[in-house]
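Encoded as structure tokens, the structure appears first; notes follow it.
Bear in mind that the values in this text are calculations on the coordinates, not laboratory data. The structure displayed is predicted, hence computed values, not measured ones. Every residue, glycine among them, receives a Cβ derived from its backbone with ideal geometry; neighbour counts consider all protein chains shown.
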Amino acid sequence: MTVRRTTIAGAVCAAVLVGTMGTASAGPWFRPPKHDEVKPILPEGQSNPLIANGVAIGPAATTYASSGLGPAGANTAAPAGTPERYIDFPGGTLPPGVTITEAQAINALKQIKANLEAVGLTPRDVISMRAYLSNPPGADVADFNGWNRAYRQFFANVDLVTRQPVPVPLGSAAPAPPMYVNAARPSRAALEVENLPVAGWLVEVEVVAVYSGKKR
């Protein structure tokens, strides 16, 4: 994969997050986790942060790393190898305001969800994420806004104070309940790349998840 330009959309940390677990703030008093304990570190003063600062994981925690996954070719009416092939909406039609990157990202995150469920995990167990974004046709830069809207459909969509789901916009529509309610906020990076391995892909995602151990 040829990297043309790298944009860090979130902290890339050696420590990572499980959002379903308790939260902690790092400081001089911070105690490293023991055994399979997992201790998330979230930004202070925010009830709905996008990502984690990081999380400390005990040495006995069992993790799972997915391969990079992209969107499935759901729109068989579109030519193979085109971005439109990977639109997973009825008839291959984008809802109002939904970008093609947003649509592909939703599709790709569905594939991540299925990949995790096949090994007994869910998106709530994700602790780290890396997303690779390619420019949409005719665009000079990757569509990070579209990616972030799609990401919120599956991650970081629960208020950490009220514990209630936070409405998420789909394209230009009014915010509505997320597609998958999930408090997890992974440590995350988003990278703009020149090419992705499948013709037509604009999004590829890989994750690390943890089999939940002792929660703080």
With 0.36 nm assigned to each residue of separation and the Cα-Cα distance removed, ALA174 to ASN145 gains 8.9 nm
If we count every other residue with Cβ under 13 angstrom of PRO123's Cβ, Lys/Arg +1 and Asp/Glu -1, where does the sum land? +4
Check cross-link reach from LYS110 to the aspartates and glutamates: straight Cα distance under 13 Å, and skip same-chain residues fewer than eight apart. ASP88, GLU102, GLU204, GLU206
In segment 38-211, if the dipole is taken from +1 on Lys/Arg beta carbons and -1 on Asp/Glu beta carbons about the Cα centre, which of ASN48, ASN148, ILE100 is farthest to the positive end? ASN48
Taking K and R as +1 and D and E as -1, what net charge do the other residues with C-beta under 11 Å from the C-beta of LYS110 add up to? -1
Would you work out which of TYR180, ILE87, ALA139 lies farthest towards the positive end of the dipole of segment 38-211, given +1 charges on the beta-carbon of Lys and Arg and -1 on that of Asp and Glu, about the Cα centre? TYR180
Distance in nm between pseudo-label sites at ASN48 and THR62 (7 Å out along the Cβ direction from Cα): 3.6 nm
1/(1 + (r/R0)^6) with r = Cβ-Cβ of PHE89 and SER212, R0 = 41 Å, i.e. FRET efficiency to nearest 0.05, evaluates to 0.80
Could you give the size of the charge dipole of segment 99-150 about its Cα centre, using +1 on the Cβ of each K and R and -1 on the Cβ of each D and E, expressed in debye and rounded to the nearest 20? 160 debye
